[in-house]
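Enquirer: Got a structure for you, written out below as structure tokens; questions coming shortly.
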Amino acid sequence: MSPRLEVDRPAAASDDDVLEPAGVSNWFPVLGLVFAVAGVGVSSILACSGSGAINCAKVTTSSQSMLIGIPVAVLGLGWFLAMAVLNLPAAWRSGSAAAAVIRLVLAVGGMGFALYLISAELLSIKAICLWCTTAHVLTFGLFVLTLAGTSRLGLTVAPRGAVR
């Protein structure tokens with residue numbers, strides 16, 4: 001059986017896909033938005049510059065800097081833009097289960113991709129780009145915030161077909 005996400009609600013709650021955001025502190029969306037906007041800035045520098053501000057030429061021109069013909073910096077820019085929208089205070093306060101799940105999936109995917117890129121820098125390219133490292137740190141920050149914030153919303157993983 002594959003797992004599925006469920007929302008723990010009091011018995012009197014309705015069955016629509018709305019989470020109760022009461023457990024989410026105001027700093028989750030604010031800090032998440034700050035990290036995402038900073039990531040947009042860093043990704044923009046990487047996407048618009050062949051060498052980066054701190055000579056990242058070896059990293060940004062390596063074969064690992066492209067994925068299916070798209071520069072990784074452009075993919076990062078898109079990811080940070082999506083995370084910026086999902087970290088708007090209104091998105092957290094909406095209580096939307098769909099927004100919470102999408103935010104969580106993107107955070108986990110972004111962290112996994114950042115780990116891949118770090119390993120490529122260290123093991124294949126044998127060079128570190130400081131702008132890329134900044135993007136990786138911001139990705140890690142968004143990952144931690146998303147996990148902490150999502151856990152406070154009451155999302156749980158339950159096997160498909162489990163009786164609750």
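Enquirer: Based on the Cα gyration tensor of the stretch 97-148, what are the three equivalent ellipsoid semi-axes, each the root of five times an eigenvalue, rounded to whole Å and given largest first? Could the numbers behind the result be given before it?
Expert: Values: eigenvalues 125, 22, 8 Å².
Ellipsoid semi-axes (Å, largest first): 25, 10, 7.
Enquirer: Now, a different point. Between Met66 and residues 5 or more places away or on another chain, which pairs have amide H atoms under 5 Å apart, with H built 1.01 Å from N, and which residues are they?
Expert: Answer set, sorted by chain and number: Val72.
Enquirer: Sort Lys126, Lys58 so the one with the fewest other Cβ atoms within 10 Å of its own Cβ comes first.
Expert: Values: Lys126 11, Lys58 16.
Fewest-to-most ranking of Lys126, Lys58: Lys126, Lys58.
Enquirer: For Leu130, Leu86, what ranking results if the residue with the fewest other Cβ atoms within 10 Å of its Cβ goes first? Show your work: numbers first, answer last.
Expert: On the way: Leu130 14, Leu86 23.
Taking fewest neighbouring Cβ atoms as first place, the list is Leu130, Leu86.
Enquirer: Same structure again: Figure the gain on full extension for Leu81 and Lys126 (residue separation times 0.36 nm, minus the Cα-Cα span) and round it to one decimal in nm.
Expert: Values: separation 45, 0.36 × 45 = 16.20 nm, distance 2.90 nm.
Contour length minus Cα-Cα distance gives 13.3 nm.
Enquirer: Please rank Arg152, Arg93, Arg103, fewest neighbouring Cβ atoms within 10 Å first, as an exposure proxy. Walk me through the intermediate numbers first.
Expert: Details: Arg152 16, Arg93 12, Arg103 25.
Lowest to highest Cβ neighbour count: Arg93, Arg152, Arg103.
Enquirer: In addition: Work out from phi, with θ = phi - 60° and the Karplus expression 6.51 cos²θ - 1.76 cosθ + 1.60, the ³J(HN,Hα) of each residue of the stretch 86-98, listed in order in whole Hz, and give x for Gly and Pro.
Expert: Calculated HN-Hα couplings, in order: 6, 9, 4, x, 5, 5, 5, 6, 4, x, 6, 5, 4 Hz.
Enquirer: Return the equivalent ellipsoid semi-axes of the stretch 48-155 as a descending list in whole Å, where each equals the square root of 5 times an eigenvalue of the C-alpha gyration tensor. Display every interim value, and only then the final one.
Expert: Values: eigenvalues 173, 34, 26 Å².
Each semi-axis is the square root of five times an eigenvalue, giving 29, 13, 11 Å.
Enquirer: While we're looking at this one, here's another question. Can you figure out the FRET efficiency of Ser63 with Ala148, using R₀ = 30 Å and their beta-carbon distance, to the nearest 0.05? Walk me through the numbers on the way to the answer.
Expert: Numbers: r = 36 Å, r/R0 = 1.19.
Working from the Cβ atoms, E equals 0.25.
FYI, it's all coordinate maths here, none of it is from the lab. Not measured: the values here are computed from a predicted model. Methodologically, a virtual Cβ is constructed for each residue, glycine included, from the backbone with ideal geometry; neighbour enumeration extends over all protein chains shown.
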